[in-house]
Amino acid sequence: MSMPLEGIKIIDFTHVQAGPACTQMLAWFGADVIKIERPGAGDVTRSQLRDIPGVDALYFTMLNSNKKSLTLDTKKPEGKEVLEKLIRESDVLVENFAPGALDRMGFSWERIQELNPRMILASVKGFSEGHHYEDLKVYENVAQCAGGAASTTGFWDGPPTVSGAALGDSNTGMHLAIGILTALMGRQKTGRGQKVSASMQDAVLNLTRVKLRDQQRLDKVGFLEEYPQYPNGKFTDVVPRGGNAGGGGQPGWVLKCKGWETDPNAYIYFTIQSHAWGQICKALGKEEWIDDPAYNTPIARQDKIFDIFAFIEDFIKDKTKFEAVDIFRKFDIPCAPVLSMKEIAEDESLRKSGSIVEVEHKERGKYLTVGSPIKFSELTPEIKASPLLGEHTDEVLKRLGYSDEQIAALHAQQAV
Ligand code: CAO
């Protein structure tokens, strides 16, 4: 099957998670992605949180599938020469080093343009250029705090809380991927490359925009009617943490099911969708609430929303989360079981759709990883194992015109 990004050559000068997530997705869709890694150690995630001694950690294998690995010390003249050759023949260079690292290495945007005016330079940084924190190194949770996610996540009587989802890392990588594809489209019109960057703070903020909406509503009216603090609690002048409340105007909550005392995930999420109120009442056997003015509008329900949730909890206390969802789905009520990672790993539907795949790795054997969350009618990305460190060094050097002798000499010069 011919893949849409076939022929697009990407130099993957990324590490840890944000950059690798971006280039992995482009590789799934057919781009030729060559990951440059420091000889000896490679991407730090190869050795972080290892579960098998001496074998690439899952942290690495799950972010670098479908790529080639080229080891190169790009601070040494011989390494720089190889990188220059690669830049001349490639379409995109993706990096997520600390601010200024690429410049210090001698590969400023100006230099890259000299080498190849069609090149797209794509960068992830913690903060955007010109930001008063632009010099900072940033990891996931730092970005979640700086992007408004932490201050608005968790319970009102607890501290700011970070999410288990990689809002700062992989999410920024996805934003950058959109930027790269846009720049590639732009290049078709102008013939020129450009610099594309996505900051982790901005990418988090793009996902917390509903909280920015709420800040402005709060400034105007002094309260937020869909938050648990309304009408009985107190608001200050900042958006509060809303626990598990639904953020989009449809109240919801995490509700206990059978077994919650011992199973930390025996819960469902239940949404009281406004126009499904009649169905919800029917599902619960509370038809008398359907037209009762004390219940039949969202505003009327809000002061007793937790009594309603308590009623639903009582209704499902002898049902597992799966049984509860099976009841409510018949009434078209938006809800889902709270799934543990174990349940997700074993989920047959996720395997069938290719959202979770099993891959064979040369050293580790079989491992689970994520497949493309984007589905296409005309293509099915094939998820392949991540490369071993330097697995494709010789292949890439040969492609660049190096002879066997030159390759041997380069290996000797690059040895750590
Ligand atoms: N050959 C030679 N040198 C190399 C090399 C190679 N193949 N690959 C990297 N290096 C060098 C870099 O040039 C840099 O050198 P200088 O410090 O002398 O300029 C050095 O390795 C370290 O790079 P770094 O500062 O990016 O790495 P770090 O571990 O100190 O910081 C991180 C990591 C992630 C905090 C930082 O890279 C960063 O802030 N990146 C931008 C934001 C980001 O992407 N964060 C998300 C990471 S995912 O959780």
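Order of 378-390, 186-198 by packing, highest average Cβ count within 10 Å first?
Details: 378-390: 18.0, 186-198: 15.3.
In decreasing order of mean packing, 378-390, 186-198 become 378-390, 186-198.
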Normalised contact order of the chain, rounded percent, pairs of Cα under 8 Å and 6 or more residues apart: 17
Spacing of the two label points (7 Å from each Cα toward its C-beta) at LYS304 and ASP292, in nm: 0.4
Summed residue charge, Cβ within 13 Å of ASP303's Cβ, Lys/Arg positive, Asp/Glu negative: -1
HIS411-SER355 FRET efficiency (beta carbon distance; Förster radius 30 Å; 0.05 resolution): 0.15
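Among the chymotrypsin sites (Phe, Trp or Tyr not before Pro) in segment 340-416, which ones are in a DSSP loop with at most 11 other Cβ atoms within 10 Å of the Cβ? Mind listing them? Walk me through the numbers before you get to the answer.
On the way: sites: TYR367, PHE376, TYR402; in loops: PHE376, TYR402.
In loop regions of segment 340-416 (DSSP not H, G, I, E or B), the sparsely surrounded chymotrypsin sites (Phe, Trp or Tyr not before Pro) are PHE376.
Under a Cβ-only charge scheme (Lys and Arg +1, Asp and Glu -1), can you give me the dipole magnitude of segment 159-248 about the Cα centre, in debye to the nearest 20?
Values: 11 positive and 7 negative charges, 95 e Å.
That gives segment 159-248 a dipole magnitude of about 460 debye.
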Lys/Arg +1, Asp/Glu -1 at C-beta; the chain dipole; positive extreme among ILE272, LEU167, PHE235: LEU167
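Given contacts defined as C-alpha pairs under 8 Å and at least six residues apart, what's the relative contact order of segment 250-393, whole-number percent?
Working: 169 pairs, mean separation 31.8, N = 144.
About 22 percent, as a whole number.
Which entries in the list LYS211/LYS321; LYS256/LYS342; LYS211/LYS342; LYS137/LYS362 go over 28 Å, if you measure between the two C-alpha atoms of each?
Values: LYS211/LYS321 30 Å; LYS256/LYS342 19 Å; LYS211/LYS342 31 Å; LYS137/LYS362 34 Å.
Where the Cα-Cα span goes over 28 Å, the pairs concerned are LYS211/LYS321; LYS211/LYS342; LYS137/LYS362.
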Solvent accessible area, Å² - THR271, 1.4 Å probe, full protein context: 20
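Mind ordering 331-338, 8-15 by average Cβ neighbours within 10 Å, highest first?
Working: 331-338: 16.6, 8-15: 24.4.
For the peptides 331-338, 8-15, the packing ranking is 8-15, 331-338.
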Residue-averaged 222 nm ellipticity for the chain, from DSSP H runs of 4+ at -39500 (n - 2.57), nearest 500: -10000 deg cm²/dmol
For segment 296-308, 3J(HN,Hα) per residue [Karplus equation, 6.51 cos²θ - 1.76 cosθ + 1.60, θ = phi - 60°, Hz, x = Gly/Pro]: 7, 9, x, 5, 5, 7, 4, 6, 10, 4, 6, 5, 5
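In square angstrom, what is the accessible area per residue of the chain with a 1.4 angstrom probe? The partial results should precede the final answer.
Working: 21050 Å² over 416 residues.
Roughly 51 Å² per residue, with all protein chains present.
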Interchain or long-range residues, amide H under 5 Å from ILE120's placed H: VAL92, LEU93, GLN194
Positive-pole candidate from GLY401, VAL254, PHE155, dipole of the chain, charges at beta carbon: GLY401
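How big is the dipole moment of the chain about its Cα centre under a simple scheme where the beta carbon of each Lys and Arg is +1, that of each Asp and Glu is -1, and everything else is neutral? Debye, nearest 20, please. Please list the in-between numbers first.
Values: 49 positive and 57 negative charges, 124 e Å.
Rounded to the nearest 20 debye, it is 600 debye.
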Cα→Cβ-extended label distance, 7 Å offset, between ASP394 and HIS131, nm: 4.4
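Between ILE374 and GLU225, what FRET efficiency follows from the Cβ-Cβ distance if R0 is 35 Å, with the result rounded to 0.05? Don't skip to the answer; put the middle values down first.
Numbers: r = 35 Å, r/R0 = 1.01.
After rounding, the FRET efficiency stands at 0.50.
By per-residue mean of other Cβ atoms within 10 Å, what is the highest-first order of 167-173, 254-260? Show your work: numbers first, answer last.
Values: 167-173: 26.9, 254-260: 18.1.
The densest-packed peptide leads the list: 167-173, 254-260.
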Taking the convex hull of Cα positions in segment 144-239, its mean projected area over all directions (nm²): 7.9
In segment 327-368, the trypsin sites (Lys or Arg not before Pro) that fall in loop regions by DSSP, at most 14 other Cβ within 10 Å: LYS330, LYS362
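Of all the accessible heavy-atom surface of the chain, with the other protein chains kept in place and a 1.4 Å probe, what percent is carbon and sulfur? Kindly include the intermediate steps, with their values, before the conclusion.
Details: 11440 of 21050 Å².
Carbon with sulfur: 54 percent of the solvent-accessible area.
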Projected-area mean, the chain, by convex hull of Cα positions, square nanometres: 24.6
Alpha-carbon spread of segment 309-355, three principal axes, descending order, Å: 38, 22, 14
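With charges only on Cβ, +1 for K and R and -1 for D and E, what is the dipole size of segment 123-185 about its Cα centre, in debye, rounded to 20?
Values: 2 positive and 6 negative charges, 22 e Å.
In total the dipole reaches around 100 debye.
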Sequence-separation-based contact order of segment 34-88, relative, with Cα cut under 8 Å and 6+ spacing, percent: 37
Anchor LYS317: aspartates and glutamates whose Cα lies under 16 Å away (excluding residues fewer than 8 positions away in-chain): GLU261, ASP263, ASP307, ASP326
Cα→Cβ-extended label distance, 7 Å offset, between GLN216 and LEU339, nm: 3.5
Listed residue (PHE223, MET200, LEU184) projecting farthest to the positive dipole end of segment 182-238, Cβ model: LEU184
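The values are calculated or read from the model by the stated rules, or taken from the named source; none is laboratory data. Computed from a prediction, not measured in an experiment: that's the story for all the values here. Note that each Cβ is placed from the backbone with ideal geometry, even for glycine, and that neighbours are counted across all protein chains shown. Heads up: the accessible areas ignore ligands, DNA and RNA and are worked out on the full protein's heavy atoms, side chains in. Shrake-Rupley method; radii C 1.70, N 1.55, O 1.52, S 1.80 Å.
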